[in-house]
Amino acid sequence: MEQTESHKPNVSRLALFLSFSRISLSSFGGAIFWARRELVERQRWFAEREFLEMFTVGQLLPGPNVLNLTVMVGYRFAGWTGAAAAVAGFLGWPCLVVVGMGVLYQQYGALPQVQQALTGMSSVAAGLLLATVIKLATVLPRHWRPWLFGALAFVGVGVMRWPLLWVMGALAPWAVFAAWKEQE
Amino acid sequence: MDRIDLGGLFLHFLILWFVAIGGPSTILPDIHRYLVDVHHLLTNTQFADLYTLAQVAPGPNAMYVTLIGWHLAGWAGAAATTLPMLVPASTLTLLVGHLNERYPDAPIGHAIRRGLTPITLGLVFASSTILMRAVNHDWRGYLITLLTVAVVLRKPWNPLWLFAGGALAGILGFV
C-alpha cells in the first residue's frame, strides 16, 4: 500500500515512550480504547482505518493485542529502538505498579480483612471473564461447529486439565481449516 | 513446595505466549495447572489473589503474569514470566504486519480469526471456572460473580467500581 507510507509523520523515540506511557497509565480494563484515543485522536499519527488494520493484525497474533500494536507502531516510526522505546513506556510503568502490589501483598496479604476483600474481588474478576465469554458467544455463528470447538477447548483445558499446547495443537489447525473451507 | 526452576519457568511461559491467541486470559488455565497443580508453587487462593490484584493495576491485563513471577522469585521471576511475552510480539507481529500490508485482504486472516474465536471462548470460560472454584466457597461468591456479569452486560461502568464493590462485600463479611 503505497499511499500509507507517503504521509508517515516524524516521530521520535522519546515521543513514542511518552505516548505509550500515557496509554498504559490511563488504561484500566482494556488498553485499546486509550490507544485509539492517543494515536488517532490526540497525536494523529494514524488514520482511523490504518489503526483498525494494525489492531486486527495484533488480534490475530498471540499475546496481548495492544502490546503487538505497540511493537508495530514503534517499529514503523523508529525501527527496533523505536519498538523498544514504545514497549518500555507501555510495560514499564505497569510493571512497577504490580511489583508494588506484590510487596504489599507479601506484607499484608495474610491479614483477614485483606483476604476477605481479595476474595470478593476475585469473585468479580471471575464475573468479568464470564461476561467476556457471553459477549464472544453472541457473535458466534448459529452453527454447531464453532460451538463444538469452543466446548472441546473448554473440556480439554478446563475439565481434563490437559496442557494448553496439546489442546491448541490439536484444535487450532482443524478449526482454522474448517473456517477456511466454509469461506470457499 | 518445589524449588523454583527459573529456566523451566521461562520456557513454559515462552511456549504459552506463543499459543496465547485470543489474549492473556486464554493462558490462565495452563498457568494455574503448571504452578498450582503440577509444581505446587502457589496455592489456589494465592493464584486467585495475584490474578485479581493485577486486574486493578493500569496497563494490559497480562500484568498478572508479571505479578505472579515477581511473587515466586522477585525480579528474576518477573523477568522469566514477562520477557517471553515480547518474543512473539516482536517476531510474528512484524512478519505478519508486513504480510498484511502487502496482502491486505488475504482470506487466511479471516479464516484464522473466525476459526479461533470459539477456541478463545472455550479457554476464557475455563479461566472463569478456575477462578470461581478457587474463591467461591458457597452461593454468596457465585452471587457476586453473577451480579458482575449482569452489570457488565448492561452498563458501561469502569470495572474498578465493580472491584471496589467486591472488596466491600468481602470486608463486610458477605463472602
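Any read-out appearing in this document is the output of simple, stated calculations on the displayed coordinates, not a laboratory observation. These figures come from a predicted structure and were not determined experimentally. Note that each Cβ is placed from the backbone with ideal geometry, even for glycine, and that neighbours are counted across all protein chains shown.
If the reach is capped at under 19 angstrom between alpha carbons, list the lysines near A:K135, excluding any in the same chain fewer than eight residues apart. Qualifying lysines at Cα under 19 Å: B:K155. For B:I68, the shell of other residues with beta-carbons less than 14 Å away shows a net charge of -1, using +1 for Lys and Arg and -1 for Asp and Glu.
Model label points for B:L168 and B:L14, set 7 angstrom from Cα along the Cα-to-Cβ axis, are 4.7 nm apart.
What are the chymotrypsin sites (Phe, Trp or Tyr not before Pro) within region B:121-174 that DSSP puts in a loop, where the Cβ has at most 16 other Cβ atoms within 10 Å?
Details: sites: B:F125, B:W139, B:Y142, B:W157, B:W161, B:F163, B:F174; in loops: B:W157, B:F174.
Loop-located and lightly packed - B:W157, B:F174.
In a solvent-free Debye calculation with one equal scatterer on each Cα, what is log10 I(q)/I(0) for region A:69-173 at q = 0.10, 0.17, 0.22 Å⁻¹, listed in the order of the q values? One equal scatterer on each Cα of region A:69-173 leads to -0.60, -1.05, -1.02. Neighbouring Cβ atoms from other chains, within 10 Å of the Cβ of residues in B:102-115, number 5 on average. Shown for chain B is the translational diffusion coefficient from the Stokes-Einstein equation, using the Kirkwood radius over Cα pairs, a temperature of 25 °C and a viscosity of 0.890 mPa s: 136 µm²/s. Scaling against 2.2 N^0.38 Å puts the C-alpha radius of gyration of region B:6-107 at 1.19. Inter-chain Cβ neighbour count for B:65-72, averaged per residue, equals 5 (cutoff 10 Å, partner chain atoms only). The Cβ shell under 10 Å around A:Q43 holds other residues with a net charge of +2, Lys and Arg each +1, Asp and Glu each -1. Put the Cα centre of region A:102-145 next to the Cα centre of region A:12-86 and the gap is 26 Å. Result for chain B in a Gaussian network model with C-alpha springs under 10 Å: among B:I144, B:I27, B:I68, the largest mean-square fluctuation is at B:I144. With loop membership from DSSP and a limit of 10 other Cβ atoms within 10 Å, the longest segment of chain A without trypsin sites (Lys or Arg not before Pro) is A:45-141. Direction-averaged projected area, Cα convex hull, region A:1-112: 8.3 nm², rounded to one decimal.
Normalized C-alpha radius of gyration of the protein assembly as shown, against 2.2 N^0.38 Å? Could the numbers behind the result be given before it?
Working: Rg = 20.0 Å, N = 359, 2.2 N^0.38 = 20.6 Å.
For the protein assembly as shown, the normalised Cα radius of gyration comes out at 0.97.
Per-residue ellipticity at 222 nm, computed for chain A from helices alone with -39500 (n - 2.57) per DSSP H run of at least four residues, works out to -25500 deg cm²/dmol.
Does region A:126-184 come out rounded, prolate or oblate, given a ≥ b ≥ c as the square roots of the eigenvalues of its C-alpha gyration tensor, rounded meaning a/c under 1.5 and, failing that, prolate meaning a/b above b/c? Don't skip to the answer; put the middle values down first.
Numbers: a/c = 2.42, a/b = 1.13, b/c = 2.15.
Cα axes put region A:126-184 in the oblate bin.
In this structure, the amide hydrogen of B:I21, modeled 1.01 Å from its nitrogen in the peptide plane, lies closer than 5 angstrom to those of A:G63, counting only residues at least 5 positions away or on a different chain. What the Cβ-Cβ distance of A:W174 and A:L52 gives, at R0 = 41 Å and to the nearest 0.05, is a FRET efficiency of 0.90. Relative to the current alpha-carbon distance between B:H98 and B:W157, full extension at 0.36 nm per residue lengthens the span by 17.5 nm.
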